[in-house]
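> To start, I am sharing the structure in question, which I have written as C-alpha cells.
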Amino acid sequence: MPAIPDEEIVQSGLSRPRYLLARWQADRLAVTYADLRESERYAQATAFFLSDLYGPKDFSKRDQDGERIVGKMRALLPARAMAAIQSALHLNRLSHELDAAMAVQLFDEMGLLAIDASSYAEAYRRCGLEARREQIDLVDNLGHELDAVVQKPLVQLALKLAHGPAHIAGLGELQDFLERGVAAFLHMKGADEFLATIRERETRILERIAAREQDPFR
C-alpha cells in the first residue's frame, strides 16, 4: 500500500493506528466482496457496509448519539425494531472492542508500521477467535432482523418524519446513516443471499486464519 498522507488521517478523525487498521480492513472487504459491489441488486448495500460501517472514519459522534437517544425511541417504534437497534448497538460496541485490541496487537505489541495479510492474521489470532465468531453471527442475525423491520410502513414513516427534527436537534449524522441503511436494505428486495454470502466468506476466512494458512484472504 502506498504511503498515506498525514492530512488524510487527520481528516478521518481517527488516530494513526486506528486509521491504518480501518483502511486495511475496508480495502480487504472491498476485494472480498468485489462481485457484490458490481451487482445491481447488492451494490448499494455493499457500499453502505464499506463506507458507513467499516469505512476509515471516526463514527464516534453518530454512535454516541445512537446510544443516547435509544431510550427515547421506545415509544415511537415497534418492539422488533427496538430489539434490532439494541442488537446493532451491541454489535457496534463489540466491533470497536475488537478493533481496539487489534490496533494494540499490531502497533504496540508487534511494533509494526504497516499492515499486511500475514501480520493481520497473526494479530487476529492473538485477539482470540470466539469473539470474531460472535461478530459474524451478530452481523447475520441483525441483518435478517433489519431486513424484516425496514419493510414495515410504520418504520419507514417514522424515519421520514424524523428527518427534519433530527437535523435540527444535531442528530443529522445519525439520521442520514439510518436513512442510507434503510434505503440499502429496501433496494435489495430481500437480503438472504447477501447475508449468506457474508457469513460464508467471513467464516471461511476465520477458519483459514485459525489453520494458519499462508494466504487466508485469497
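The values are calculated or read from the model by the stated rules, or taken from the named source; none is laboratory data. Treat the numbers as computed from the prediction; the structure is a model and nothing was measured. Don't worry about glycine lacking a Cβ; one is built from the backbone with ideal geometry, like all the others, and counts go over all protein chains shown.
> Looking only at the range 173-212, filter to residues that are at pLDDT 95 or above and among the β-branched types (V, I, T); which one of those is farthest from E67 (Cα to Cα)?
I209
> Within the range 68-85, how many residues are exposed (fewer than 12 other Cβ atoms within 10 Å of the Cβ) and assigned to a helix (DSSP H, G or I)?
Residues that pass the stated criteria total 4.
Matching residues to (1) of a type outside the set (A, V, I, L, M, F, W, C); (2) over 30 Å from P5 (Cβ atoms):
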| position | (1), (2) |
| --- | --- |
| L89 | no, yes |
| A101 | no, no |
| Y120 | yes, no |
| L161 | no, yes |
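> From the set of residues in the range 5-49 that are assigned to a helix (DSSP H, G or I) and among the acidic types (D, E), which is surrounded by the most Cβ atoms within 10 Å (Cβ to Cβ)? Break it down stepwise before answering.
We begin by selecting, within the range 5-49, every residue assigned to a helix (DSSP H, G or I); these are 6-12, 16-32, 34-37, 43-49.
From what is left, the residues that are among the acidic types (D, E) are 6-8, 27, 35.
Numbers: D6: 9, E7: 8, E8: 11, D27: 14, D35: 10.
Among them, the one singled out is D27.
> Right, next: Could you go through the range 52-59 and let me know if any residue there is in a helix (DSSP H, G or I), surrounded by fewer than 17 Cβ atoms within 10 Å (Cβ to Cβ) and out of contact with any Phe, Trp or Tyr (no Cβ under 7 Å at 6 or more places or on another chain).
no
> Taking the options D27, D63, D35, name whichever one is at pLDDT below 90 and among the acidic types (D, E).
D63
> Which condition number does T46 fail, the rest of (1) polar (S, T, N, Q); (2) touching a Ser or Thr at 6+ places or on another chain (Cβ under 9 Å); (3) over 13 Å from G181 (Cβ atoms) being met?
Among (1) polar (S, T, N, Q); (2) touching a Ser or Thr at 6+ places or on another chain (Cβ under 9 Å); (3) over 13 Å from G181 (Cβ atoms), T46 violates only (3).
> Can I ask one more? Can you report the number of residues in the range 84-113 which are of a type in the set (D, E) and farther than 17 Å from I136 by Cα?
Adding up the residues that qualify gives 2.
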